[in-house]
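Taking it in order: structure first as structure tokens, then the write-up.
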Amino acid sequence: MGLTAIECPDGVCHSHHGGHAVDRSTMEHLLAEHGREWCERLAERIYEMSVDTFSQNVMPSLHAAGWQRRHLDWEFKLREMDSEPDRTLVDGIINATESFLRSSEVHRLFIQELVQGTFDEASDDHLRAEAVRHLIEKEILTLLKENRAELMDRLTSRIMEPAGGQVERAQKAASEGVMEVERLLCNHTESL
């Protein structure tokens, strides 16, 4: 299931992970009344507040010698290695996590997925999701499998120059690219 602020089993909507109980039709009416733009603004504001709280409260703990950092040191044996490259990698991952959360693209995708998922969950009509699932599983993935050899040949030839003329390198990159697209499609189907 994709991101959603509510879960509506058996026609009763609950806030994500429990609490509150609202009839599906009441929730659907409320969402229609507020509109998608209002829901997006609300989700954006909550996201911004969450990232700010994370940055103000969690990030300093990860950088300081608090329990979180001691746990990382213990779990990954960082103290035993006492390695500058290891500490550089840890600090880099901590900083990249904050950058990821502050990224405008991640922010936009999160809001888009959350609001779409919430509207979809409140709706009793799941026909669109079924059509997308069928299209991916029965059509697109089947086409990729049936035409894999031709696709790999075309893709390999198109990336020969960036691969420095190395056929094996281009073939490996083409294969990894096709597998990544297949994973993305499968992940999207599972999120519906």
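The values are calculated or read from the model by the stated rules, or taken from the named source; none is laboratory data. This is a predicted model, so every value here is computed, not measured. Glycine gets a Cβ as well: all are built from the backbone with ideal geometry, and neighbour counts include every protein chain shown. Heads up: the accessible areas ignore ligands, DNA and RNA and are worked out on the full protein's heavy atoms, side chains in. Shrake-Rupley method; radii C 1.70, N 1.55, O 1.52, S 1.80 Å.
Summary of values
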| quantity | calculated |
| --- | --- |
| At R0 = 22 Å, FRET efficiency that the Cβ-Cβ distance of Glu113 and Cys186 yields, to 0.05 | 0.85 |
| Solvent exposure, largest accessible area first (probe 1.4 Å, DNA, RNA and ligands not counted), of Asp10, Asp52, Asp73, Asp125 | Asp10, Asp125, Asp52, Asp73 |
| Expected-Rg normalisation [2.2 N^0.38 Å, Cα atoms] applied to the range 44-192 | 1.49 |
| Debye equation applied to the C-alpha atoms of the range 114-167, log10 I(q)/I(0) at 0.21, 0.22 Å⁻¹ | -0.79, -0.82 |
| Among Gly177, Gly117, Gly11, residue whose mean-square fluctuation peaks in a GNM of the chain (springs only between Cα atoms under 10 Å) | Gly177 |
| Net dipole in debye of the chain [+1 Lys, Arg Cβ; -1 Asp, Glu Cβ; about Cα centre; nearest 20] | 480 |
| Separation of alpha-carbon centers, the range 100-117 and the range 64-96, rounded to whole Å | 29 |
| 222 nm mean residue ellipticity, helices alone, for the chain (DSSP H n ≥ 4; -39,500 (n - 2.57); rounded to 500) | -22500 deg cm²/dmol |
| Cysteines without a disulfide-compatible neighbour (Cβ-Cβ under 4.7 Å), the chain | Cys39, Cys186 |
| 1.4 Å probe accessible area per residue over the chain, in Å² | 69 |
| Exposure of Asp124 as accessible area (Å², to 10), given a probe of 1.4 Å and all protein chains | 110 |
| Separation in nanometres of the label points that stand 7 Å from Cα toward Cβ, at Ile46 and Ile159 | 3.9 |
| Percent accessible area from carbon and sulfur atoms, the range 53-188, protein chains only, probe 1.4 Å | 58 |
| Spatially proximal aspartates and glutamates relative to Lys77 (Cα-Cα < 16 Å; intrachain offsets below 8 disregarded) | Asp86, Asp91 |
